[in-house]
1. So if I place +1 on the C-beta of Lys and Arg and -1 on the C-beta of Asp and Glu, and nothing else carries charge, what would the dipole magnitude of region 317-620 be about its Cα centre? I want it in debye, nearest 20.
2. Working from Cα positions, state the angle (0 to 90°, nearest 10) between the long axis of helix 606-620 and the longest principal axis of the chain.
3. Quick one: divide the alpha-carbon radius of gyration of region 317-620 by 2.2 N^0.38 Å and tell me what you get.
4. Using the basic label-point model (7 angstrom from Cα toward the beta carbon), what is the Phe57 to Arg621 distance in nanometres?
5. Size of region 117-202 along its principal axes in angstrom, Cα-based, largest extent first?
6. Compute from the Cα atoms of region 237-314 the Rg and the Dmax, the latter being the longest Cα-Cα distance, and quote both in angstrom.
7. Report the label-to-label distance for Glu317 and Ala91 in nanometres (one decimal), using points 7 Å from each Cα along the Cα→Cβ vector.
8. Taking the alpha-carbon distance from Lys158 and a cut-off under 28 Å, which lysines remain once sequence neighbours fewer than 8 residues away in the same chain are dropped?
Amino acid sequence: MLRKLLGRIGLVLAGLAMAAPASAQAEGAAPAPVLVSADLREHLSLDGAWHWSVDPFRDGVAGFHGGPPGASTNRWADTIAADVEARDPRALFEFDMQRSPITHLPGSWIGHAPEMRHYQGLVWYQRTFDLPAVPRGRRVFLRFGAADYAAAVYLNGKEVGRHAGGFTPFAFDVTATLRPGGNQITVGVDSARTAESVPPPVTDWETYGGITRPVTLVTVPETYVDDAWIRLTRDGRIAASVRLDGPGAADMPVRVRIAELGLTITGRTDASGAWEGGAAAPPALERWSPERPKLYDVRVEAGKDVLPDHIGFRTVEVRGQDIVLNGEPVFLRGISLHEEELGADPVRAMTPAAARALLTEIKQGLNGNFVRLAHYPHNEVMTRMADELGLIVWSEVPVYWQVDWESAETLAGARAMLRENILRDRNRASIMLWSVANETPVGEARNRFLRTLIGDVRALDGSRLVTAALLSRRDGRINTIDDPLAGDLDVMAVNTYNGWYSGDPLASLPGLEWRTELRKPLIFSEFGAGALAGYHDAAANPHKFSEEYQAEYYRRTLEMAAKVPSLRGLSPWLLKDFRSPRRQHPVYQQGWNRKGLISPTGARKQAFGVLAEHYRELAERGR
Ligand code: GCB
């Protein structure tokens, strides 16, 4: 199976379509590691200075007749081109990684040089690092927080693995490939989307190609905790699901310790290295909530390994039309967000400080308790920061608009990405909703595709709620939600742009009605209007793109929303203007989607105040 998968991925990578998200280690190796909470483990950072070199004809992947690359074009050979040239006057290289320009990673290549601004294709990266010999009984993983979209990774001249899917972490065991002293790492990253990929080529956001999240060498004992999911169940237990990897994984004692609660749960793994354990939650347990985002230091111990994490405990469920957190109905006062740091020239380099700045604007600026992380898994610093600051999270995969519903490869890609996202973040108390799709057209093949994803979510994490941003039907004043998929979801969500993409006068928006036959909670997962920060129009009927139009659009849409009986949350579109190549109005857009409530550099538009005030009132009324 693995061989078959590798064959497929290899082909795709070589052809440079690189479509299906999947992680695959070099042939014959074990399945891809999860390495859960790797960001908190002992590691060596490989972030910083890397050489980069563009390869638009994918010369380093295949010769011009399709065979393997020759010595003059193979970027990952374990040699130093300049030394070879110095020794041999006949030596010929069509590249030289070690004398190529240097950039700082992580961060998309759109910031490397002006000519890279709209580049889509293959870029090579290389750096060297020194390392002492790996001590006996230890393993080292090379981990990438994400590479957008497909990556092939080489260490000291050998391929160590590949991954496709630009938004989730992947890691390879490189213990046997590392050497004491100097090591050379080369990564080919290809941003091209194809007809089979998830997301598809056409979206409404920037493709930030490159190595966009940290690169680390993570050291663990030979047998280590690869996956551990610790949570509070709806029946009041702290449950633990642990999986070990390594030669001693079977029949090994395991302990989960939460010192602050005086709680230790112990057990032993089965023959496959897995263990399920649990204990009644101590009465002293303080539940995580947006008001009090309490996190506990949790340690998972097995043999020589200790995995530390900070975990919050809470329950979520749906009761009738209510979304219920820790037994109490909650109203989600939120906003949507793309993964893009504040600043005039973002490169998707999301540091903890950058995440804090954005989420604080939601929490304190807007009086929010909820964020929709659109439209793909965001950097893990974001979900950790949401845990810390107390924001409920909607997390999603980019099954966006129109993907190839009939393609087995597309489905495999979506499932792999969904799985990687859920396994990375199952311990984040902030995450309440897993979303499987955004604005997808109703149809049999699409229903089958999304029902498979919904089944996967329930199998991987039955403790949270499943949702999707759906389309609705409009007839005059009446909006109807009749997408058959709504029946499969815990929480229905719709995106609506009446008054922006339609010519409705703003004053008529409160008169619009929403109908559905299902008794379920509903979220308006998007609504929004564009405004260029600083463009004012004081007329009674302000023009689109003025701050006044956007502010009035918010007032009227919120008035409409207040009349929808099953509405339990809002995540308007969106906090910050974001880069989108499809938005080319030279006066108002200049390559940016202007539906932000703040400008790229953080200037608040008028509508910010409208939403902040609305949320303040809702919070006061306990909603
Ligand atoms: C939508 C999409 C979102 C777009 C937004 C817009 O419905 O879900 O990705 O950016 O509309 O601005 O049109």
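Where a number appears in this text, it was derived from the coordinates with a stated rule and is not lab data. Just so it is clear, the model here is predicted, and its values are computed rather than measured. Here the Cβ is made from the backbone with ideal geometry for all residues, glycine too, and neighbour counts use every protein chain on show.
1. My answer is approximately 80 debye.
2. Tilt of helix 606-620: around 80 degrees.
3. Scaled against compact globular proteins, the figure is 0.95.
4. 6.6
5. Dimensions of region 117-202 along the principal axes of its Cα atoms: 49, 23, 18 Å.
6. Cα-based Rg and Dmax for region 237-314 come out at 13.4, 44 Å.
7. 6.9
8. By straight Cα distance, Lys158 reaches Lys4.
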